[in-house]
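One structure is given here, and the rest of the page talks about it.
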Amino acid sequence: MRFISPNFSDFAEPNIEFKTFPDGDSYVRIPDIKKEDSILLHRLYPEQNTAIFQAVLMLDTLKRAEAPTTLVSPYLPYSRQDKVFREGEAKSAEIACNLLADAGAKKLVTIDCHFLKKEGTFTYGKLEIENISANKLLIEHARKKAGEVEVISPDAGAKYLVEGVGGKSMEKKRGEYEEGDEAYRKIESLKRDFEVKGKNILILDDMISTGGTMIRAVENVKKGGAEKVYCAATHGFFLKESLKKLKEVSDGVFVTDSIPSDASEVSIKPLIEKYL
């Protein structure tokens, strides 16, 4: 059986009911559950704290009904911190994965998971994860828009997105966490050891959040004499007006519809079609 969350309605007709209690608690109802393998399509972002708990409610409901469930969620929140950098930090990626597994997910299908760095099926914590990449779709889209482009990643973490097409990676160094309420590590440097002069460049990353890395990368390759510069990512958050800023400094910005936005020009449907 396939169960479609209301936040997946851009791909299929929802058959799950969401409501909110007067105090803000989430209400979930899944009608017509059968004792058979099931697929649950549900976005875990935006409003990730609510969306994750909705997933827990749905997964547990299906587990109690003896319907083993594969969860399809294009973006996995809390995937940024799969390591502990300072004493006392929460290893949030593992906690989130274990929460989904304990609730009843037999497998998570996701796209360009931040900490996996390659396609394939892996076990992280208690959770089996099938990681699919959108890199080929994004590169194909760039070539339709701009013709021949040289593909690069802005740091080593996104190297896997470009190495299969002969792409190169820049070297990024971050500093310590800054003071204040926001958990942010400032970019200390972004270096490039290859030529870009006279070339059309596609800078490809797994996500664009506040846009700091991507803006620095655009500035770097433009300084190196690149002809045109395009920015692309699988997941586009575009916080702090970063979409506007990127449009001002580049020749184009586009992402997938894993997180719907004004820059969502590439559909993830071909990547998850077998689960729809």
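The values are calculated or read from the model by the stated rules, or taken from the named source; none is laboratory data. Small disclaimer: the values here were computed from a predicted structure and weren't measured. Here Cβ is always computed from backbone atoms with ideal geometry, including for glycine, and neighbour counts include all displayed protein chains.
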Legend entry - Subset of the stretch 74-121 [within 26 Å of residue 4 (Cβ to Cβ) and among the aromatic types (Phe, Trp, Tyr)]: 75, 78
Inset, instruction - Give the residues of the stretch 207-237 that are touching a helix residue (DSSP H, G or I) at 6+ places or on another chain (Cβ under 8 Å) and within 19 Å of residue 46 (Cα to Cα), sorted by residue number. - result: 208, 209, 210, 211, 233, 234, 236
Inset, instruction - Only residues that are in a loop (DSSP other than H, G, I, E, B), small (Gly, Ala, Ser) and within 15 Å of the chain's Cα centre (by Cα): list them for the stretch 204-232, please. - result: 209, 211
Legend entry - Total residues in the stretch 93-121, condition surrounded by fewer than 18 Cβ atoms within 10 Å (Cβ to Cβ) and under 22 Å from residue 205 (Cα atoms): 5
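Condition check ((1) out of contact with any Lys or Arg (no Cβ under 6 Å at 6 or more places or on another chain); (2) crowded, with 21+ Cβ neighbours inside 10 Å; (3) free of Cβ contacts under 8 Å to residues at least 24 places away in the same chain) across all residues:
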position: 63; (1), (2), (3): yes, no, no
position: 75; (1), (2), (3): yes, yes, no
position: 84; (1), (2), (3): no, no, yes
position: 91; (1), (2), (3): yes, no, yes
position: 123; (1), (2), (3): yes, no, yes
position: 129; (1), (2), (3): yes, yes, no
position: 137; (1), (2), (3): yes, no, no
position: 143; (1), (2), (3): yes, no, yes
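Matching residues to (1) of a type outside the set (Phe, Trp, Tyr); (2) touching an Asp or Glu at 6+ places or on another chain (Cβ under 6 Å); (3) closer than 21 Å to residue 254 by Cβ; (4) modelled with pLDDT of 95 or more:
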{"site": "122", "(1), (2), (3), (4)": "no, no, no, yes"}
{"site": "126", "(1), (2), (3), (4)": "yes, no, no, yes"}
{"site": "143", "(1), (2), (3), (4)": "yes, no, yes, yes"}
{"site": "149", "(1), (2), (3), (4)": "yes, no, yes, yes"}
{"site": "181", "(1), (2), (3), (4)": "yes, no, no, no"}
{"site": "192", "(1), (2), (3), (4)": "yes, no, no, yes"}
{"site": "199", "(1), (2), (3), (4)": "yes, yes, yes, yes"}
{"site": "207", "(1), (2), (3), (4)": "yes, no, yes, yes"}
{"site": "217", "(1), (2), (3), (4)": "yes, no, yes, yes"}
Legend entry - Residue, nearest to the chain's Cα centre (by Cα), within the stretch 42-100, restricted to residues that are part of a helix (DSSP H, G or I) and of a type in the set (Ser, Thr, Tyr): 92
Inset, instruction - Go through the residues of the stretch 154-175 one by one and say whether even a single one is surrounded by 12 or more Cβ atoms within 10 Å (Cβ to Cβ), modelled with pLDDT of 95 or more, part of a loop (DSSP other than H, G, I, E, B) and in contact with a Pro (Cβ under 9 Å, 6 or more places away or on another chain). - result: yes
